[in-house]
Amino acid sequence: MIGVAVGAGNIWRFSRIVAQNGGGSFMIPWVIFLFIWSIPLIIAEIAMGKFTRKAPIGAIALVGGKRFGWMGAFIATVSTGILFYYSVVVGWGFSYFFYSISGHISPTTSYVTLWNNYSHSFLPLIAHIFSIGVGCLVVYKGIVHGIEKSNRFLMPALLVMIIVIAIRAVTLPGAWGGIEFLFTPHLEDLLNYRVWIAALTQNAWDTGAGWGLLLVYAGYAKQKESITINGCLTAFSNNAVSLLMGVIIFSTVFALDGVGALIEGAGSTNTGLTFIYLPRLFGELPGGPFVSNLFASLFFLAFSFAALSSMISMVQLTSQTLQELGLSHKTAILVTGLLAILVGGFAAINSFFFENQDWVWSIGLVVSGLFIACAIIRYGVDRYRKTVVNTSPQDFKLGKGYNFIIRVLIPVQAVVLIGWYFIQSGSLDPNGWNPLRVYSIGTILMQWGVPIVVFLLCNRWLVKRSLKG
């Protein structure tokens, strides 16, 4: 489960989202949403997966009722939409691993130039296809023995390397400015709706809450496995890695280039922030080029596998959903891989398409979390807590406060924040309803609306096939 949660969202996405949203100001809602959004939903998903042993369509239909299977289809669509561009990030990791072992990571390298040349070539497309191929192959062979065993080594190895480079980052001259930026809030930023919606979506993106991934993986768990303890450990472990990566990135940026580079310079708010500054940090390690290349190689290899383990769970969710709809195991994986190569290919070669997909489907995670809460409300929140969540004999038992979070806080957060975003964006941006803009209400409504209408029309068929499959 930690392998699902810890991945590119912590190492690549967290730092750039913090940079875009005021540093320390972002951290306040980010911590709040961890407790009133992510942890409750993670627990709900794990419990639902153990209870139903189904992919999202069947799980939502069994818990919320057959009329609401379309909500499960939307949850699966959101995670699949993220899969299509997430594989591109996995490919970046593998590419930089090969850069490292081939000697491209050195004190004389211009990492801004390296990133720009790489991102504007066809190499990301090749790496994307390679990543999808590896992910589909692992799911085809079986995820339990392969991923579970590899994560037992890769996750601790990644954590050890992160701690080592964090120690080096905070000891760079001028690094403290980055730490202050990360943890010093500016209260006026807390009135900005974008900071709050970004904090909620990043929390969901980071922890895996609302994706349906933990729901699918929990279907493999034994009944005696804990729900609340595993859910809390997954969330806290994940966010600890995000904080460490934030300290590393911001300490390095401030020490090497100052605040201007973070706010306005190359990589400041684009997708290359991690890939521009981490290699520069490796060059600051004592021991010369050999140590620099060694740490860069090990780190980007561990990053690639951490991101790959998360991506594999997305492949598993999509292919399992298709299997429950009637496709064979092999065909479902083949269809998933081909779709990912096709749609993700646009994200690999077009940064605007990549950013658009990241924006649309990351906010979609808020709706997915709302749909999970709605299914539980239909089932009966107190009944769900007593008969589905509090079932493991040695687990920490949740009290009635959990009922309030699921029944009231989750829906209120989702409706208020999405409504706030739509109202503010629609009134402030004259082109906010243009569906062809990267960041607009129009593009969100179009890409959400089309599948929702289709799923509503096909709900009976979807539920019937899923429960039978």
What is the one condition in (1) under 20 Å from GLN202 (Cα atoms); (2) touching a residue at least 60 places away in the same chain (Cβ under 8 Å); (3) open to solvent by 40 Å² or more (accessible area, probe 1.4 Å) that LEU417 does not satisfy?
(3)
Among helices (runs of 4 or more DSSP H) entirely within the range 147-226, at least 3 residues that are under 20 Å from the mean Cα position of the chain (by Cα) and modelled with pLDDT of 85 or more occur in 193-207, 213-218
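Filter the range 14-33 for residues that are touching an Asp or Glu at 6+ places or on another chain (Cβ under 6 Å) and either open to solvent by less than 10 Å² (accessible area, probe 1.4 Å) or modelled with pLDDT of 90 or more (or both) and give the result. Before you say what the answer is, go through the steps one by one.
As a first pass, look at the range 14-33 and keep what is touching an Asp or Glu at 6+ places or on another chain (Cβ under 6 Å): 22, 25.
Across the range 14-33, the qualifying residue is only SER25.
Being outside any helix (DSSP H, G or I) and surrounded by fewer than 23 Cβ atoms within 10 Å (Cβ to Cβ) is the filter here; which residues of the range 83-117 pass it?
Listed by number, the residues that qualify are SER102, GLY103, HIS104, SER106, PRO107, THR108, THR109, SER110.
Within the range 201-230, take every residue that is of a type in the set (A, V, I, L, M, F, W, C) and within 11 Å of LEU41 (Cβ to Cβ) and give me the one that is surrounded by the fewest Cβ atoms within 10 Å (Cβ to Cβ). Explain how you work it out, then say what you get.
Initially, the range 201-230 is screened for residues of a type in the set (A, V, I, L, M, F, W, C), giving 204-205, 209, 211, 213-216, 218, 221, 227, 229.
Within this subset, residues satisfying the condition of being within 11 Å of LEU41 (Cβ to Cβ) are 204, 209, 211, 214-215.
Details: ALA204: 26, ALA209: 32, TRP211: 32, LEU214: 29, LEU215: 30.
Taking the candidates together, the pick is ALA204.
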Among ILE363, ILE349, ILE333, the single one that is hydrophobic (A, V, I, L, M, F, W, C) and closer than 19 Å to GLY449 by Cα is ILE363
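Could you say whether any residue in the range 148-156 is crowded, with 23+ Cβ neighbours inside 10 Å and either on the phi < 0 side of the Ramachandran plot or in contact with a Phe, Trp or Tyr (Cβ under 9 Å, 6 or more places away or on another chain) (or both)? Please lay out each step first, then the result.
Filtering the range 148-156 for residues crowded, with 23+ Cβ neighbours inside 10 Å gives none.
So far as the range 148-156 goes, no, none of its residues is crowded, with 23+ Cβ neighbours inside 10 Å and either on the phi < 0 side of the Ramachandran plot or in contact with a Phe, Trp or Tyr (Cβ under 9 Å, 6 or more places away or on another chain) (or both).
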Expected single match for under 27 Å from ASN239 (Cβ atoms) and of a type in the set (Gly, Ala, Ser) among GLY22, GLY64, GLY58 is GLY22
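Residue-by-condition table, conditions (1) of a type in the set (D, E, K, R); (2) within 30 Å of GLY399 (Cβ to Cβ); (3) free of Cβ contacts under 8 Å to residues at least 60 places away in the same chain:
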| residue | (1), (2), (3) |
| --- | --- |
| GLY7 | no, no, no |
| SER25 | no, no, no |
| ARG67 | yes, no, no |
| SER110 | no, no, yes |
When you check ALA44 against the structure, is it crowded, with 23+ Cβ neighbours inside 10 Å and under 13 Å from GLY212 (Cα atoms), yes or no?
yes
Selection from the range 423-456 of residues open to solvent by less than 70 Å² (accessible area, probe 1.4 Å), in a helix (DSSP H, G or I), closer than 27 Å to TRP70 by Cβ and at pLDDT below 85 yields SER425, GLY426
Cβ-Cβ below 8 Å, separation at least six or inter-chain, first residue in the range 288-313 and free of Cβ contacts under 8 Å to residues at least 40 places away in the same chain, second surrounded by fewer than 23 Cβ atoms within 10 Å (Cβ to Cβ): which pairs?
VAL291/LEU285
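Against the condition part of a helix (DSSP H, G or I), at pLDDT 85 or above and open to solvent by 10 Å² or more (accessible area, probe 1.4 Å), how does PHE236 come out, does it pass?
Values: part of a helix (DSSP H, G or I): yes; at pLDDT 85 or above: yes; open to solvent by 10 Å² or more (accessible area, probe 1.4 Å): yes.
For PHE236, the condition - part of a helix (DSSP H, G or I), at pLDDT 85 or above and open to solvent by 10 Å² or more (accessible area, probe 1.4 Å) - is met.
What tally of residues in the range 318-359 results from selecting those that are assigned to a loop (DSSP other than H, G, I, E, B) and either without any contact (Cβ under 8 Å) to a residue 24 or more places away in the chain or crowded, with 16+ Cβ neighbours inside 10 Å (or both)? So that I can check it myself, show each step before the final result.
Taking the range 318-359 and keeping what is assigned to a loop (DSSP other than H, G, I, E, B), we get 325-328, 350.
Now restrict to residues that are either without any contact (Cβ under 8 Å) to a residue 24 or more places away in the chain or crowded, with 16+ Cβ neighbours inside 10 Å (or both): 325, 327-328, 350.
Residues in the range 318-359 being assigned to a loop (DSSP other than H, G, I, E, B) and either without any contact (Cβ under 8 Å) to a residue 24 or more places away in the chain or crowded, with 16+ Cβ neighbours inside 10 Å (or both): 4 in total.
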Which is of a type in the set (S, T, N, Q) and touching a residue at least 12 places away in the same chain (Cβ under 8 Å), of SER102, SER79?
SER79
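Tell me which residues, restricted to the range 362-416, are of a type in the set (Lys, Arg) and either in contact with a Leu (Cβ under 8 Å, 6 or more places away or on another chain) or over 14 Å from TRP37 (Cα atoms) (or both).
Taking the range 362-416 and keeping what is of a type in the set (Lys, Arg), we get 378, 383, 385-386, 397, 400, 407.
Residues satisfying the conditions are ARG378, ARG383, ARG385, LYS386, LYS397, LYS400.
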Kindly indicate which of ILE11, ILE39 is assigned to a helix (DSSP H, G or I), open to solvent by 10 Å² or more (accessible area, probe 1.4 Å) and within 29 Å of THR184 (Cα to Cα).
ILE39
Return the residues of the range 383-404 that are farther than 18 Å from VAL63 by Cα and in a helix (DSSP H, G or I); say none if nothing qualifies.
GLY401, PHE404
Answer with yes or no whether GLY401 is among the small types (Gly, Ala, Ser), within 30 Å of LEU191 (Cβ to Cβ) and out of contact with any helix residue (DSSP H, G or I) (no Cβ under 8 Å at 6 or more places or on another chain).
yes
Could you please let me know if ILE405 is buried (at least 19 other Cβ atoms within 10 Å of the Cβ) and either of a type in the set (Val, Ile, Thr) or over 21 Å from LEU41 (Cβ atoms) (or both)?
yes
In the range 361-381, is there at least one residue being basic (Lys, Arg), out of contact with any Cys (no Cβ under 9 Å at 6 or more places or on another chain) and not in a helix (DSSP H, G or I)?
no
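The values are calculated or read from the model by the stated rules, or taken from the named source; none is laboratory data. Owing to the predicted nature of the structure, the values given are computational and were not obtained by experimental measurement. So basically every Cβ, Gly included, is an ideal-geometry build from the backbone, and we count neighbours across all protein chains shown. The accessibility values were calculated without ligands, DNA or RNA, using every heavy atom of the protein model including side chains. Shrake-Rupley method; radii C 1.70, N 1.55, O 1.52, S 1.80 Å.
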